[in-house]
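Data block below; observations after.
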Amino acid sequence: MKCSRCENEAVIYYSQGRRALCTEHLEEYLLRKVNRAIRRFRMLEGGERVLVAVSGGKDSLLLWHLLKRLGYTVEGLHINLGLGEYSELSEKISRGFSKQHGYDLTVVSVEGDYGINIIRSSRKLRRPPCSVCGTVKRYILNKAAVESRSVLATGHNLDDEAATLMGNILSWDVEQLRRASPALPATHPRLAKRIKPLIYVTEKESATYCLSTGIEYVLPECPHSVGARLSAVKDALARIEDRSPGTLLNFVDTYYRRVRDILGLSGEAREVALAECPSCGYLTSSSGPCAFCRLKGSFS
Ligand code: SF4
Ligand code: ZN
Ligand code: ZN
């Protein structure tokens with residue numbers, strides 16, 4: 001099949017609008033989508049620098065590439081989580097991509113730089129690995145963004161965002177809904193602004209672009225990935241989208257542009273009840289040391 005915009009072979013087909021795009025026009029379309037998200041939610045203003053959380057997965061590599069193409073000052077940060085072969089492969093792929101494109105990348109090792117072993121901590125504290133891992137990633141990414149005076153960008157795509165929103169609606173987790181936003185402002189000097197510029201880009205578009213341009217990305221799932229409920233919601237939404245294209249975009253876009261205001265859930269309650277950690281100075285919701293300092297402490 002030919003691209004609807006030129007004579008090249010199409011790599012993606014949209015049943016809605018009966019359009020097909022070649023790699024070049026898919027990239028142009030993705031750049032427009034990212035640009036629209038950035039402007040609509042005021043993600044980046046006045047020459048702000050960006051720090052992209054690079055996991056080595058397709059979405060983070062695509063985000064890094066599109067922000068560079070749009071002319072932003074961008075640096076990548078990869079965290080080696082110390083999760084065996086999966087982490088080694090993720091670091092190798094992130095480094096390879098950075099080298100191939102000449103993009104700046106910093107690599108932080110959870111074990112080497114902070115002395116934390118996620119799996120041992122999880123067993124010792126009787127917390128699921130993903131809960132410990134989430135604490136570690138949030139802390140390191142926020143700290144790196146604050147220290148480099150950058151906005152932190154993550155590669156959540158439309159399918160991820162729709163599944164998270166729907167999951168929170170199904171369980172009426174009002175606090176999570178209140179915290180959710182495509183752009184969370186920096187409400188404290190030690191809290192970085194966070195943005196999700198791929199919020200209008202679908203999983204299919206992200207995977208198609210990476211495959212058609214030969215971007216190598218991490219395919220295996222993390223061995224600790226268990227998100228059964230979220231995957232079930234994601235699968236159900238994918239089936240709905242298949243039968244009724246455009247549903248996910250309308251769901252996410254309308255929620256953030258209109259519905260959350262109507263419901264009074266406009267994502268600005270982030271700093272409520274947060275105090276400075278007496279040990280590192282970063283914010284915490286507990287009265288003593290923050291969760292990250294407690295993790296470090298559990299090994300001393
Ligand atoms: Fe971390 Fe869990 Fe994600 Fe693995 S699946 S990278 S342990 S949060
Ligand atoms: Zn084309
Ligand atoms: Zn701390």
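Some observations on this one:
- Any chance His156 is touching a residue at least 60 places away in the same chain (Cβ under 8 Å) and either closer than 20 Å to Arg36 by Cα or of a type in the set (Ser, Thr, Tyr) (or both): yes
- Here is the figure for the range 1-14: residues that are surrounded by fewer than 15 Cβ atoms within 10 Å (Cβ to Cβ) and either more than 27 Å from the chain's Cα centre (by Cα) or within 16 Å of ligand 1 (Cβ to nearest atom) (or both) total 6.
- Sole residue being among the basic types (Lys, Arg) and closer than 28 Å to Pro197 by Cβ, chosen from Arg120, Arg149: Arg149
- Where a residue in the range 16-38 is part of a strand (DSSP E or B) and its partner, wherever it lies, is of a type in the set (S, T, N, Q), with Cβ under 7 Å and at least six apart: Arg19/Ser4; Ala20/Ser4; Leu21/Ser4
- Enumeration of residues in the range 171-200 that are among the charged types (D, E, K, R) and within 17 Å of the chain's Cα centre (by Cα): Arg179, Lys193, Arg194, Lys196
- Counted residues, the range 201-231 - those being within 16 Å of ligand 1 (Cβ to nearest atom), more than 18 Å from the chain's Cα centre (by Cα) and assigned to a helix (DSSP H, G or I): 2
- Consider the range 182-207 and keep the residues that are of a type in the set (Ser, Thr, Tyr) and in contact with a helix residue (DSSP H, G or I) (Cβ under 7 Å, 6 or more places away or on another chain). The one that is surrounded by the most Cβ atoms within 10 Å (Cβ to Cβ) is Ser206.
- Screening Gly76 against (1) in a strand (DSSP E or B); (2) within 16 Å of ligand 2 (Cβ to nearest atom); (3) buried (at least 20 other Cβ atoms within 10 Å of the Cβ); (4) not polar (S, T, N, Q) leaves a single unmet condition, (2).
- Single match in Ser55, Ser87 (criterion: away from ligand 3 (no atom under 16 Å from the Cβ) and in a helix (DSSP H, G or I)): Ser87
- One residue stands out in the range 1-15 among those that are assigned to a strand (DSSP E or B) and within 10 Å of ligand 2 (Cβ to nearest atom): the one that is farthest from Cys210 (Cα to Cα), namely Lys2.
- Members of the range 98-116 found to be touching a helix residue (DSSP H, G or I) at 6+ places or on another chain (Cβ under 7 Å) and surrounded by 20 or more Cβ atoms within 10 Å (Cβ to Cβ), listed by number: Val110, Ile116
- Residue tally, condition modelled with pLDDT of 85 or more and either among the aliphatic types (A, V, I, L, M) or closer than 26 Å to Lys234 by Cβ (or both), over the range 262-300: 6
- Meets criteria (in contact with a Phe, Trp or Tyr (Cβ under 9 Å, 6 or more places away or on another chain), surrounded by fewer than 21 Cβ atoms within 10 Å (Cβ to Cβ), outside any loop (DSSP other than H, G, I, E, B) and of a type outside the set (Gly, Ala, Ser)) for Arg95: no
The values are calculated or read from the model by the stated rules, or taken from the named source; none is laboratory data. Since we're looking at a predicted model, the values are computed, not measured. Every residue, glycine among them, receives a Cβ derived from its backbone with ideal geometry; neighbour counts consider all protein chains shown.
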